[in-house]
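What follows is a single structure, written as structure tokens, with notes after it.
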Amino acid sequence: MTAVSEHIGSRAQPRVVGEHRWPMALAVVVVIVLTSLLPNGVLLGPGWLVPLGEGLLLVVLIVKDPGRIDRSSQLLRGISIALVSVLLVTALGFTARLISELITGGSTTDSAGALLLAGNAVWVSNNIAFALLYWELDSGGSAARAHRMRPRGDFAFPQQLNPLPGWENWRPRFVDYLYLGFTNATAFSPTDAMPLAPWTKMTMLVQSLVSLTILGLIVARAVNVLT
């Protein structure tokens, strides 16, 4: 009887299958490439320094936990949080430098083409960095979501609000947070997932303000240069 109960209990537990590492890694690589395209007036320090640090942290993550993200490790989570923090801080730093160039004037703002290139690179980098932040912090991170360690999430996705047949065991992956980050930056409000925790609401508020500032100033300056 005990063996039967254990067998039934083991069948009731879903198999832990973590999400693939490569979508998150590809997003980091995109940010590194965009950073290399930024003009000197927007960069923070030597042009190679930030991409090198981001690349090294990414390589460590891939080596320590390749394939699928299913290892619940404080070390791996610390490295991942460090990578996301570097991406976010540098993206916000690029934003501040770009705004300073727009206000005070500089070589970046004299050409509409250079301005649009730098502005788009900074805007996309911000959105990816915020998406990675949502992905890393929601419900304790990807590994914790795979193991279902936290029953309550910080975001409510449509699949969780209206569970349909076949979606009972659904959990968000990086692409869902990437979509969340870009829609929040363009609509300036929740369009897909609803923020539930205070930190999600404040973070989405900051992202919307950053996006609105970048788009507004760049468009205004580009039109002024072209005319």
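One chain, two ends: residue 202 and residue 60. Fully extended at 0.36 nm per residue, the span grows by 48.1 nm beyond their Cα-Cα distance. Paramagnetic label reach from residue 96 (point 7 Å along Cα→Cβ; backbone nitrogen cut-off under 15 Å): within region 178-206, no residues.
Largest GNM mean-square fluctuation across 95, 213, 104, computed for the chain with C-alpha springs under 10 Å, falls on 104.
Computed on the Cα trace of the chain, the radius of gyration divided by the Kirkwood hydrodynamic radius gives Rg/Rh = 1.06. Between residue 152 and residue 187, how high is the FRET efficiency from 1/(1 + (r/R0)^6) when r is the Cβ-Cβ distance and R₀ = 22 Å? Nearest 0.05. Result of the calculation: an efficiency of 0.30. Residues whose amide H falls under 5 Å from that of residue 19, counting only those 5 or more places apart or on a different chain, are 69, with hydrogens built in the peptide plane.
Could you rank the peptides 82-92, 17-27 by their average count of other C-beta atoms within 10 Å per residue, with the highest value first?
82-92, 17-27
In region 109-227, the alpha-carbon atoms span a convex hull of 102 Å³ per residue. Counted residue by residue at 0.36 nm each, then reduced by the alpha carbon distance between them, the extension gain from residue 25 to residue 103 reaches 24.6 nm.
Coordinate-derived values only; no laboratory data. Since the structure is predicted, the reported quantities are computational estimates derived from the model, not experimental observations. Neighbour counts are summed over all protein chains in view; Cβ atoms, including those assigned to glycine, are modelled from backbone coordinates with ideal geometry.
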